[in-house]
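The values are calculated or read from the model by the stated rules, or taken from the named source; none is laboratory data. Computed from a prediction, not measured in an experiment: that's the story for all the values here. Every residue, glycine among them, receives a Cβ derived from its backbone with ideal geometry; neighbour counts consider all protein chains shown.
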Amino acid sequence: MGSGKSKALTREGLIKFVESKNAAELFVQEHKDLMNKENKGTFSASIAAGYFGDCQNENEGLYYDRSRVVLQTENGTQRHIDASYIDGFDSQKAYITTKTPLSKMAVCNFWRMVWEHQSETIVMLC
C-alpha cells in the first residue's frame, strides 16, 4: 500500500488479479493496513471492536464509535448492531445504513432497530 509505484490496471487485469490464488490474502492485508492507518480527522472504532468476541450476530464490519447504531437491551445495557448512522443535509444521524440481515438473530435485531429508532421508511438496494 502506498509504494508510489502504482500503474493503471485494465479491466482484464483486474479480473485476472481477483481470480488469482493470493488475491483474498492481499485484500485482507490491504484492509488491515487501512484499518491501522491513522488519519487526521478520523474517528475511533475501538468500542465496536470490543464487541467482536462475544456477539451473537454476524458482525463482519467495523463501525466507527461516532456513527454506530446500538440497541437497548432488557437490562438497560447497549448492544451493537451491524448498522451505521449517516448524516443528512441539515441534520446529524438522519439515516441508518445496514446490510441485509441473514440470521434469525439479525432479523430480530433489524426490526428492533426499526422500532427503537422509529424508522418510517425502509429502502433496499439490490
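Values as computed for the structure displayed
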item	result
Subset of the range 71-92 that is surrounded by 14 or more Cβ atoms within 10 Å (Cβ to Cβ) and at pLDDT below 85 - its residue that is farthest from I122 (Cα to Cα)	R79
Every residue from the range 93-126 that is touching an Asp or Glu at 6+ places or on another chain (Cβ under 7 Å) and surrounded by 13 or more Cβ atoms within 10 Å (Cβ to Cβ)	K93, T98, A106
Hey, C55 modelled with pLDDT under 70 and either surrounded by 12 or more Cβ atoms within 10 Å (Cβ to Cβ) or part of a loop (DSSP other than H, G, I, E, B) (or both) or not	yes
Subset of the range 64-114 that is assigned to a loop (DSSP other than H, G, I, E, B) and basic (K, R) - its residue that is nearest to L34 (Cα to Cα)	R66
Residues of the range 1-50 satisfying the condition of being at pLDDT below 65 and not small (G, A, S)	M1, N39, K40, T42, F43, I47
